[in-house]
Amino acid sequence: MAVLDGIRVLDFGRYIAGPFCAALLGDLGADVIRIERVGGGEDRGMIPVGAGPGGGGAMYIAMNRNKRGMTLDPAAPKGREIVKKLVATADVVVANLPPRVLRSLALDLDSLRQTKSDIILTTVTGFGAGGRMSHKHGFDGIGQAMSGAVYLSGLPDQPIMTKVPWVDFGTAFLSAFGTLAALIERGKTGRGQKVEGALLRTAVAISNAMLMEQALTGVNRVATVNRAFNNGPGDIYRCKDGWIVATVIGPPMFKRWCEMVGEPGWVSDPRFADDQARADNGEAITAKMTAWCAARSCKAALADLEQASIVAGQVYAPQQTLDEPHIRDAGLLAERDFPGVAGTLPLAPTPIELSETPGTYRRRAPLTGEHTDEILESLGYTAAEIGTLRADKVV
């Protein structure tokens, strides 16, 4: 039996934070219904991979596994009736929409409680409630930028934002975590509640240590490309045939590194007395490690680093990630079919292991409106009524 067997989730989400939160709940056994606008949501085609009509891009396929899908206009009067009937059967509503939009669609907590008193509403906003920017929309890059993370990445005269949307995904993970906590609380007290994730909240929480350092020391750090701020060596280094990343933290590891690169005297050098001193004097360390790596292939450098018990790995291009045997051996990607896509797609399964009740892949992401009739029939609508709803473009 799956962890969330018997739990129904209505997913009004879009893009990443809301939909991936709902997908994680689906991985754990919840019956998740994705509800998108008639004709398909605006996030359906992101990162095209050749899926046919009604299909989706790679982002959609990854964010919406383990869901049934229906199309619906929740603003239409008959659409509101359908939403109420759905809410009456549900345990959780996921909607990463601004508060104003939630209220206009009667998806705010007060409105939902009129239909289902113990409902849990999981929302995701850009900036969080209670501040002067709470009304604004947000995307991943806003969280990255406003948290200070972008400023400290890249070059002093060129901040660099990572292409991987870590703020969106971090918010999805936290929202799923909060939803599980709310379900546990409801099991104890019978009360539902609102779970609110926010992109900027996530980014500030992840960046908290560097913000704390700035507040307490006024250090005013600037970007140092890939060189670490608080330890050394800690950088990305070019080898003969590619790049590697290596990180040294703590005196024992630094001693082993010094012996490996032929500088045993650096162990007692006052410039390198501790991790922060090694970071503050990182130019000399980086120069030494750069020269050491330049004389070796990635394979040879990584072998020597492993022998010295120093944490290191190769910088992979996406194709190298796909080709890495460990990733397949450890089940970090699994080949899945999707209609209209030539070949299979490498889908990342639930990114957490549970020994007794693991997440499972039961459904591919739905085609546009694929399960609309099935879901409406389960709510008591007849074929004729469904036909009328379609003709009126309610579904």
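The values are calculated or read from the model by the stated rules, or taken from the named source; none is laboratory data. Just so it is clear, the structure is predicted and the values come from calculations on it, not from any experiment. Here the Cβ positions follow ideal geometry from the backbone for every residue, glycine too, while neighbour counts run over all protein chains shown.
Annotations
- Residue satisfying condition, being among the hydrophobic types (A, V, I, L, M, F, W, C) and part of a loop (DSSP other than H, G, I, E, B), within set Phe169, Phe177, Phe229, Phe173: Phe229
- Of all residues making up region 125-148, the number that are farther than 17 Å from Leu102 by Cβ and in contact with a Pro (Cβ under 7 Å, 6 or more places away or on another chain): 1
- Residues located in region 196-223, provided they are touching a strand residue (DSSP E or B) at 6+ places or on another chain (Cβ under 8 Å) and either outside the structural domain of Gly138 (by TED's automatic domain parsing) or free of Cβ contacts under 8 Å to residues at least 12 places away in the same chain (or both): Ala223
- Residues (in contact (Cβ under 8 Å) with a residue 40 or more places away in the chain and of a type in the set (Lys, Arg)) located in region 68-110: Arg68, Lys78, Lys85
- Filtered by the rule that a residue be β-branched (Val, Ile, Thr) and farther than 26 Å from Ala176 by Cβ, region 345-388 gives Thr382, Ile386, Thr388.
- Among residues of region 327-377 being without any contact (Cβ under 8 Å) to a residue 12 or more places away in the chain and among the hydroxyl-bearing types (Ser, Thr, Tyr), the one that is surrounded by the most Cβ atoms within 10 Å (Cβ to Cβ) is Thr344.
- Test for Cys258: is it under 20 Å from Glu324 (Cβ atoms) and surrounded by 15 or more Cβ atoms within 10 Å (Cβ to Cβ): no
- Which listed residue is under 17 Å from Asn226 (Cα atoms) and touching a Leu at 6+ places or on another chain (Cβ under 8 Å), from Gly126, Gly143, Gly148: Gly148
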